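Presented below is the structure to which this report refers.
The values are calculated or read from the model by the stated rules, or taken from the named source; none is laboratory data. Being a predicted model, the structure only gives us computed values, none of them experimental. For neighbour counting, all protein chains shown are included, and Cβ atoms are generated from backbone atoms with ideal geometry for every residue, glycine included. Calculation scope for accessible area: heavy atoms of the full protein, side chains included, ligands and nucleic acids excluded. Shrake-Rupley method; radii C 1.70, N 1.55, O 1.52, S 1.80 Å.
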Amino acid sequence: MTRDSPLDLLVLHAVRITGFADTPVLAHRYGLDAAETKEVLRDAQARGWVEHTAFAGTEGWSLTETGRAEDERRLAAELARIGDADEVGDVYRGFLPLNALLLQACTDWQLRPAAGDRLAVNDHSDPDWDAGVLSELAGIDRALTPLADRLGSVLTRFRGYNERFTAALARARAGEGAWVDGTDVDSCHRVWFELHEDLIATLGLDRHTEP
């Protein structure tokens, strides 16, 4: 039976997994009320857990190091309380091989080795090459669904990753290439990055020490 997370945890964690975002985006991440989200953010700011910055016409919230530690403390306490750390850890181990495939697929979307230049930029003039990448992403999409279902049965906040990935892939296959690896849309890569961050944060791991 899945469990809901408290509002203050969801807001702080939304900042963690998005990296940098404004209040409406953070509220939307978990379907929260924007006014309540702003109130929680202001409280977190007063505690030194988040900071608000603006530059080049863009503004948003990000975690401080103290906030990152607080987020991980709350996630660990939540996981201990519900008693499903082993299940999340097992899903994470199933995620890692897919992560390697996803990273390779995104590299292949960006680069297409040519004679004398193995780092040649993919200009997307070879439909067979791009079709191969999209086929690889489709395989990852299929493999993600059972893992996401298992996570969603543990905590409600884990839900939606597979649906978002599938939607991004559909747009990429329809000819919108930015939906493979774009940073300004909810692309396959962006969804995957958030899921990866969610897993390592929940389990208290470090990307740099992964297998």
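Of note:
- Computed [θ] at 222 nm, helices only, for the chain once each DSSP H run of length n ≥ 4 contributes -39500 (n - 2.57): -21500 deg cm²/dmol
- Ranking of HIS28, HIS52 by solvent-accessible surface, largest first: HIS28, HIS52 (1.4 Å probe, protein heavy atoms only, all chains present).
- Counted without the sites themselves, the longest stretch of the chain free of trypsin sites (Lys or Arg not before Pro) in a DSSP loop having at most 13 other beta carbon atoms within 10 Å is 119-211.
- Rg to Rh quotient for the chain, alpha carbon positions, Kirkwood Rh: 1.00
- Across ALA100, ALA143, ALA114, mean-square fluctuation computed from a Gaussian network of the chain (C-alpha pairs under 10 Å connected) peaks at ALA114.
- When a 1.4 Å probe is rolled over the protein heavy atoms, the share of accessible surface on the range 153-208 that falls to carbon and sulfur comes to 53 percent.
- Solvent-accessible surface of the chain, averaged per residue with a 1.4 angstrom probe and all protein chains in place: 51 square angstrom.
- FRET efficiency, ARG142 to ALA85 (Cβ-Cβ, R0 30 Å, nearest 0.05): 0.65
- Spin-label model distance (nm) - THR156 vs ASP126, 7 Å beyond Cα toward Cβ: 4.8 nm
- Here the contact order of the range 16-157, divided by its residue count and restricted to Cα pairs under 8 Å and six or more residues apart, works out to 18 percent.
- For q = 0.15, 0.18, 0.23 Å⁻¹, Debye-computed log10 I/I(0) when each Cα of the range 80-183 counts as one equal scatterer: -0.68, -0.88, -1.21
- Under 18 Å from the LEU203 label point (7 Å along Cα→beta-carbon), backbone N, the range 2-42: 17
- Residue of THR166, THR18, THR107 that the Gaussian network model of the chain assigns the largest fluctuation, springs spanning Cα pairs under 10 Å: THR107
- Carbon and sulfur %, accessible surface of the range 3-90 computed with the full protein complex present, 1.4 Å: 49 percent
- Diagonalising the gyration tensor over the Cα atoms of the range 117-156 and scaling each eigenvalue by 5 before taking the square root yields semi-axes of 33, 11, 7 Å, largest first.
- Global size of the range 81-123 as Cα Rg and Dmax, reported in angstrom: 17.4, 56
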